[in-house]
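**Q** Following this message is one structure expressed as structure tokens.
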Amino acid sequence: MPRELVAIAPRQPVIREYDDPPLKENRVRIRSEFSTPKRGTELGIYRGVSAFSLRRWDSEWNMSFPGSRPSLPVSPCLSGI
């Protein structure tokens, strides 16, 4: 089962397992051996100092909204650890 590195709150990283959804027709899945986040965007969110840190992430809509509590999108950062 693949694992992902996500921040559940500012400066609170966790590694957790997740299920890959089944592939749809005419789609491919690739595996990255090495990857890195964009430090200017993602690191600011991780630290809680970005303007995006004050927005609420809605996974159903896959977008952020103004909110009173910081939240981070849950997305795989590193898989296959």
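Computed from the coordinates by the stated procedures, all read-outs in this text should not be read as laboratory data. In this text the structure is predicted, and so the values were computed from the model without any measurement. Note that we place each Cβ from the backbone using ideal geometry, even for glycine, and neighbour counts take in every protein chain shown.
**Q** Subtract the Cα-Cα distance of Arg11 and Glu60 from 0.36 nm times their separation in residues, and report this length gain in nm to one decimal.
**A** Difference between extended and current length: 15.2 nm.
**Q** Show me the ranking of peptides 2-10, 58-66 by mean Cβ neighbours inside 10 Å, starting with the highest.
**A** 2-10, 58-66
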